[in-house]
Structure formats: structure tokens, C-alpha cells
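Asker: Would you mind keeping the following structure in view while I ask a few things?
Please treat every number below as a calculation from the coordinates, not as lab data. The structure displayed is predicted, hence computed values, not measured ones. Note that each Cβ is placed from the backbone with ideal geometry, even for glycine, and that neighbours are counted across all protein chains shown.
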């Protein structure tokens, strides 16, 4: 099970509706993933500013105090915007340094994402409640991906909710399960990757991030994954410019893609695409096995 | 407890059923309580299990895309989908006719026992898996592992077939006009004799498919995996 959605806006005039439309899509798939949910929204870039999304694990965190210490560590101002149990930290300092400092020095928080464009929010429980509580409806942007989770490989926790960050401005959502994630995690740890959970999807995210940092394009990283990731999956990978979809060679995990002049949408099932404007006349197809489909503003 | 309207069964003419105002359960119950008639279903919007378990001489037209298991277990009824269908279209169909005007997702016609399933577009993976007597005509192409372990019935593909067509096939007959990416274990090409051409001609006509029977190739079981052979013991 699990439900995943992706929405990429071709028509810029729809950017104010991105969150509302993504929320409609996620609500349709709440029964595929009633355990937890999360979403990544891309937009709101300001030159030179890195956004780092964090969430408290169990007890409330004094984000202003965290920002002050983080500012000293990265040698730049850090602004705080609190959203429920989440916070968006904005700084002109280096994102990688800030992320590592937060993981090492703020054990009461999980780091969800970093980048100029990406913002990730997630929670445990009914996806519709999470979407409302974290105000997805009023979030504008260029593209978004979302996930509703039915846990199989690890515990139902906020850290086990998707999307998983794969590096600067990239993230992954996964429908399926991987069978070689423990061995792969050990290899990645030896290469210096940092893990925050026992989740199989986080391993896939770290694997793709590691390959891309070593020089792979997203396309090449996903194609290498066909050899190295053993299991069932439909992945959607969000990037600063767009998103990519890939299914494993057996393609048990469902996926449908629809495209109009205004948007490209991906979802586990068509019913999540049905609420989008003009969906009934969209060009629609099922992604073929072991094939990368990608959309980008740059292309 | 029997449904209050279970008897006697009704006949209806040109009834509109709107899924924006009725649940799938209500629509299906109404169709189960009906013996014959014509129905039009609106606002399917990818809903699952639309028009499942029908057993009557009725025509049901669905104006839109449907989700999983549409027209499953169909008996006698004719169901037409003006859109695409999700996983498991007409699974375990017994008789009657189901036609999708668009594409069908994976496992279309799975375990079907009888009747005719017509897919005007493409079908994805595992079309006709475990087929047991249903005839399927796909005017587009089919995905990988189609007709896996198919026992009886026919699958006609006007386009191409993906990897491992007819893997572990029993007695189902497969006709493909386009290329076959690969044949599955124990599936082989067979001679196309006059009786096969006649059967194919009838199915194409029934499905409203225009195609020359001489352009098709026939595939069937080599019957080598049918029974346990001691010399194959090492392969189990």
C-alpha cells in the first residue's frame, strides 16, 4: 500500500493553488496510507538563503534558542518561522554545515530538508488531519510531492514518514519495500552517510543522494538503483526544478501519470488526479517498468 | 440479512446513476437488484469496484475513468467504460461483455472464466493472468507477464506483447499481431491452421476490431512443464 502524489505546474498562474491541489490529491489516498503522511513543497526562493526544515521528536523545542546557537556555528543570522511542531530556519550560511550541526547538537529534533526551494513537513496519524494542521492548502510554489504511509518495514514515527531528504533541494517518496536495505545501509554508513531512522526508504534516499554527490545525474542515479536496490518500488524524486518517477522492473506498485497544458501529475491511483482541473481530458498513461520519467522547469 | 429490495428484481430503462450523489455500494446494490435495463453511471472519478458482481441482461455504461476491479465477476451484463480502467478490470468475469474504450492497468481479465473482454487501448502488465476461459481482445499492446499460467480461453493482441508472454502457459490460445519482446517458460509459437484463423476472425468481429487474420502469429504451451518429470527434478 502507501499512496504517493506529485504535481508539477506548467502554468505559473496556478502557483498560488499548488498546496490546495496537492492537498486534494493526498486526501484521496488517505485510505492507502492512514499511518502517517508528509509533503514537500518547492517555491519561495530568495537568493542566497538556505531553508532548513526541522521537526521536534517528542517534546517542544525552543527554536529561537536553536537558531541563535546555529547562527554562531555557521557564522550567519538564522531566522525562525515556527509551524506547529515544525520550524523553517533561514540562513545565508552553508546548508550542509547547518544540517550536520543540527543533527549533532539538537537531538530533540529531526532535520527534514535543506535547500533554497524545498520545504518538507510530516506527521503521524490521519493524512487529512496532517494536511490541515500543517496548512498545506495555503502553500504556494512550483511543484510538490506527497505521501500517505502504511508502514511495513519500520515503526510508525514522524521520522519514518516520507518524504526523505536526499540532499540539497532533493527528496524521495516511496511506495513499496526494499529487501536489501540493511546491507546497503551498512555500506553507505561506511561511506559517511548519516541515517536518522531504520527505514528502508531512507536508505534509498541516501543511496540516490550519495550517487548524485559523486557526480551522477538524477537519471543515472535512478538507473544505477535498478541494479543496486532489491525490492518493490515506485519512487518519486523531487528536485529543485521538477520531479522524476521510476518503477522497479516488476512494476507491481501502481502509478499513473497525467499531463495537460497546465500541469503534470503523478499518483498511485487515478482517483487522486481526478480532483485536478481538466483531469478528465488529460493525456494519461501508466509509467513502464524500469523507465525514468522526468519533468523540469529547466528542460 | 437480505436486502429489503432483493425480490422481485426490477427492470429499468435509461437510468442515470450519479456517483457524486450515491455511494458505489448503493449503485452496485441497485444493479444487483435489477434483472435487465440500461444504466448510465456518472462521476466515477477513479472509484474502485464500480459495477461489480452484476448478474442480469443489462447494459451499464460508465462515463469516465474507473479504479480497481471494475466489472469484476461479471455475469451476462454488458459493461462499457468510456475512459481508462485501473488494476483488475473484469477480474474473474464469468460471462457477458466488458469493453474499456481507453487503457486498462495491470491484471485485466485476471482468472476470467467466460465472456468477452475488449480493451480498445493498451493493457499493462499481467493481462489475462491465470485465464480460465475468458476471451480477451486488446486493440493496443500488452505489458510483461501477460497470460501468465493461463489455462483456457483466448488472448488476442493487435499491438505488441511485453516480456515473458505466456509464461507457464496451459491450454489458453494466444494470438499476437505485433512483436513479442520475449516468450515465457514453456510458451512457443505454433502453426496457424484454418480453424485458428476462423476462431480469431470471429473474435475480432465480436470485438469490432479491424485486422487481417493472416498478420497474426499463434502462441501456445509446449506442454513440457505440465507434469512432473524426474529429469527436471533439479530445476525445482
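Asker: For peptide A:264-275, what's the mean number of Cβ atoms from other chains within 10 Å of each residue's Cβ? Present the calculation step by step, with values, prior to reporting the outcome.
Answerer: Details: counts 0, 0, 0, 1, 0, 8, 13, 10, 1, 3, 8, 2.
For this peptide, the per-residue mean of nearby foreign Cβ atoms is 4.
Asker: Could you list B:192, B:145, A:26, A:284 in order of exposure, starting from the residue whose Cβ has the fewest other Cβ atoms within 10 Å?
Answerer: On the way: B:192 15, B:145 24, A:26 28, A:284 20.
Result, fewest neighbours first: B:192, A:284, B:145, A:26.
Asker: Next question. Label-point separation (nm) for residue A:191 and residue B:198, each offset 7 Å from Cα along Cα-to-Cβ?
Answerer: 6.4 nm
Asker: What value, in deg cm²/dmol to 500, does the helix sum -39500 (n - 2.57) over DSSP H runs of n ≥ 4 give at 222 nm once divided by the residues of chain A? Don't skip to the end; give the middle numbers.
Answerer: Values: 7 runs with 76 residues, N = 299.
Computed mean residue ellipticity for chain A: -7500 deg cm²/dmol.
Asker: Mind running the shape call on the stretch A:4-118? Use the C-alpha gyration tensor, a ≥ b ≥ c as the square roots of the eigenvalues: rounded below 1.5 for a/c, prolate if a/b tops b/c, oblate otherwise.
Answerer: oblate
Asker: Return the average number of partner chain Cβ atoms within 10 angstrom of each residue Cβ along peptide B:61-71. Don't skip to the end; give the middle numbers.
Answerer: Working: counts 0, 0, 1, 4, 10, 2, 5, 3, 0, 0, 0.
The per-residue average across the peptide is 2.
Asker: Please compute the Kirkwood hydrodynamic radius over the stretch A:13-52, one decimal place, Å, based on all pairs of different Cα atoms. Walk me through the numbers on the way to the answer.
Answerer: Numbers: mean 1/r = 0.0809 Å⁻¹.
For the stretch A:13-52, the Kirkwood estimate is 12.4 Å.
Asker: Take the Cα of residue A:31, step 7 Å along the line toward its Cβ, and report every residue of the stretch B:12-40 whose backbone nitrogen sits under 20 Å from that point.
Answerer: Flagged as within label range: B:17-32.
Asker: Where the Cα atoms of the stretch A:133-277 are projected onto their three principal axes, how long is each span, largest first, in whole Å?
Answerer: For the stretch A:133-277, the Cα spread along each principal axis is 47, 32, 30 Å.
Asker: In nm, to one decimal, how far is the residue B:61 label point from the residue A:250 one, both placed 7 Å along Cα→Cβ?
Answerer: 4.1 nm
Asker: Now for a separate question. Could you check what % of the DSSP bridge pairs in the protein assembly as shown are antiparallel, to the nearest 5? If you can, show how the numbers build up before the last one.
Answerer: Details: 77 of 124 bridges.
So the antiparallel bridges amount to about 60 percent of the total.
Asker: Compare the peptides B:157-164, A:43-50 by average per-residue count of other Cβ atoms within 10 angstrom and give them in order, highest first.
Answerer: The densest-packed peptide leads the list: B:157-164, A:43-50.
Asker: Report, in degrees rounded to the nearest 10, the 0 to 90 angle that the Cα long axis of helix B:194-206 makes with the longest principal axis of chain B.
Answerer: 20 degrees
Asker: While we're on this one: Estimate the FRET efficiency between residue B:212 and residue A:20 by the formula 1/(1 + (r/R0)^6), using the beta-carbon distance for r and 51 Å for R0, to the nearest 0.05. Don't jump to the answer; show the numbers that get you there.
Answerer: Values: r = 52 Å, r/R0 = 1.02.
So, using R0 = 51 Å, E works out to roughly 0.50.
Asker: Starting with the highest mean, order A:185-191, A:98-104, A:140-146 by the number of other Cβ atoms within 10 Å, averaged over the residues of each peptide. Could you put the intermediate results ahead of the total?
Answerer: Values: A:185-191: 13.3, A:98-104: 17.4, A:140-146: 25.7.
Per-residue mean Cβ counts within 10 Å order the peptides as A:140-146, A:98-104, A:185-191.
Asker: For residue B:185 and residue A:226, what is the calculated FRET efficiency with R₀ set at 35 Å and r taken between the beta-carbons, to the nearest 0.05?
Answerer: Result of the calculation: an efficiency of 0.95.
Asker: Same structure, new question: Calculate, for residue A:182 and residue A:288, the FRET efficiency according to 1/(1 + (r/R0)^6) with r their C-beta to C-beta distance and R0 41 Å; round to the nearest 0.05. The partial results should precede the final answer.
Answerer: On the way: r = 30 Å, r/R0 = 0.73.
FRET efficiency, residue A:182 to residue A:288: 0.85.
Asker: Still on this structure, please answer the following. How many nm separate the modelled label positions at residue B:228 and residue A:59, each set 7 Å beyond the Cα in the direction of the Cβ?
Answerer: 6.4 nm
Asker: Once you average over the residues of B:42-55, how many Cβ atoms of partner chains fall within 10 Å of each Cβ? Working shown, then result.
Answerer: Numbers: counts 0, 1, 3, 8, 11, 4, 3, 0, 0, 0, 0, 0, 0, 0.
Partner Cβ neighbours, averaged per residue: 2.
Asker: Also: Among DSSP bridges having both ends in chain B, what percentage is antiparallel? Round to the nearest 5. The partial results should precede the final answer.
Answerer: Numbers: 7 of 53 bridges.
Here the share of antiparallel DSSP bridges comes out near 15 percent.
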